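Engineer: This is the structure I want to talk about, given as structure tokens.
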Amino acid sequence: MANTHCPQVIGVASGKGGVGKTTVAVNLAVALSMAGKRVALLDADMGLANAQIALGSRSPFNVSHLLAGEKTLREIMVRTEDGVILIPGASGRRDMAGISEAQVNTIIHSFDEMADELDFLIVDVAAGISPSVMSFLSACHRRYIVLRDEPSSIADAYGTIKVMTSELGLDEVYLIPNMVSSQANGWQLYKRMNEVCTRFLSRSVNYLTSVEADELIFAALRKYKPVLSFAQGSSGARDFRRMAELSIELEPATHAHGQTQFFFQRLLDAEQGA
Ligand SMILES: Nc1ncnc2c1ncn2[C@@H]1O[C@H](COP(=O)(O)OP(=O)(O)OP(=O)(O)O)[C@@H](O)[C@H]1O
Ligand SMILES: [Mg+2]
């Protein structure tokens, strides 16, 4: 059994910037950790990495040192106060914003030796639909698309879903309506989006849960803390706990798409052992 364990890898994307990817990635990671899971968070937004700010963690090394061959994955990662293992992105390094396919593969393969030590890996990708964003998303088992109820966010989320599904053939896409006024409004936004995807892409997308607008989420960031430890009783903390519960309940991903995958060998072993 031990050698067929495969960590579940969730990519968090949005298309448009500033809609809440890092907030979702960080708080989902913390909520999973609080639920007793072993969790790592890869900050794969190489141009403007800010997951470490949101987690209040400082680290001397980051992914650029890994890619330069100066440090190993274990040497750059840090364990945060909330028990999450953070792999810091190459913040402020503009040359890292457009990393190559080979570099993406190097990062992905560096995780292979950690398969036994993790239950979840959360990947916070950059805004947009660049080739490196799509390479990271293709390598994940599931994709959570964060969107807000506003035209530009909806249009960019649709664009991201279109590339992922129609062009790359990816499935396991879940929408996360963020900053909505109620769970019911989030569900309505999902339904509208799913109708458009079904009509124009002939693909449906899945719903997980929504995150309501909560000023304590913003206040937590100003204190360099995830909302789950800053204000446990807040609606934000409640929504992220629910997101973690639902993520744990999902069937483990058991197949790969044939491209470079996180923990690819583990997936193959799991399939053969099944
Ligand atoms: N549900 C919410 N309620 C209130 N504020 C929120 C919520 N979600 C995110 N925010 C705030 O919105 C801002 C942008 O969030 P975040 O940095 O997570 O977006 P992002 O998509 O990662 O941005 P970027 O594309 O720059 O990486 C932050 O100030 C964050 O605190
Ligand atoms: Mg971000």
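Engineer: Considering only region 41-187, what is the antiparallel percent among its DSSP beta bridges, to the nearest 5?
Structural biologist: 15 percent
Engineer: From the Cα gyration tensor of the chain, with a ≥ b ≥ c the square roots of its eigenvalues, which class applies: rounded if a/c is under 1.5, or else prolate if a/b is larger than b/c, or else oblate?
Structural biologist: Working: a/c = 1.33, a/b = 1.12, b/c = 1.19.
Judged from the Cα gyration tensor, the chain comes out rounded (a/c under 1.5).
Engineer: Show the residues, 5+ positions off or on another chain, whose built amide H is closer than 5 Å to the amide H of VAL211.
Structural biologist: ASN178, MET179, VAL180
Engineer: Pop the C-beta distance of GLN188 and GLU70 into the FRET formula with R0 = 51 Å and round what comes out to the nearest 0.05. Spell out each step's value before the answer.
Structural biologist: Numbers: r = 49 Å, r/R0 = 0.97.
Once rounded, the FRET efficiency stands at 0.55.
Engineer: Let me ask another. Of all DSSP beta bridges in the chain, what percent run antiparallel (nearest 5)?
Structural biologist: Numbers: 2 of 29 bridges.
Within the chain, antiparallel bridges account for around 5 percent of the total.
Engineer: Around LEU41, which amide H atoms from residues at least 5 apart in sequence, or from another chain, sit under 5 Å from its own amide H, with H modelled in the peptide plane?
Structural biologist: The answer is ILE85, LEU86, ILE87, ILE122.
Engineer: Springs between alpha-carbon pairs under 10 angstrom, Gaussian network model over the chain: which of PRO252, PRO88, PRO151 fluctuates most?
Structural biologist: Its mean-square fluctuation being the largest, the pick is PRO151.
Engineer: Still on this model: Going through the cross-link list LYS71/LYS162; LYS162/LYS223; LYS16/LYS191; LYS71/LYS225; LYS37/LYS223, which pairs have a Cα-Cα distance over 29 Å in this structure?
Structural biologist: Going by Cα-Cα distance, LYS71/LYS162; LYS162/LYS223 fall outside the 29 Å limit.
Engineer: GNM on the chain, C-alpha springs below 10 Å: top fluctuator among LEU86, LEU246, LEU147?
Structural biologist: LEU246
Engineer: What is the gain in length, in nm to one decimal, between GLU251 and SER204 on full extension, counting 0.36 nm per residue of separation less the C-alpha to C-alpha distance?
Structural biologist: 15.1 nm
Engineer: Still on this structure, please answer the following. Subtract the Cα-Cα distance of SER130 and GLU81 from 0.36 nm times their separation in residues, and report this length gain in nm to one decimal.
Structural biologist: Gain in length upon complete extension: 14.4 nm.
Engineer: Run the helix sum for the chain: -39,500 (n - 2.57) per DSSP H stretch of 4+ residues, divided by residue count, reported at 222 nm to the nearest 500 deg cm²/dmol.
Structural biologist: My calculation for the chain gives -12000 deg cm²/dmol from helical runs alone.
Engineer: For a quick check, take a GNM of the chain with Cα springs below 10 Å and name the residue from LEU228, LEU73, LEU168 with the largest mean-square fluctuation.
Structural biologist: Between LEU228, LEU73, LEU168, it is LEU168 that shows the largest mean-square fluctuation.
Where a number appears in this text, it was derived from the coordinates with a stated rule and is not lab data. Everything numeric in this text was worked out from a predicted model, so none of it was measured. In this analysis, Cβ positions are derived from the backbone assuming ideal geometry, glycine residues included, and neighbour counts consider all displayed protein chains.
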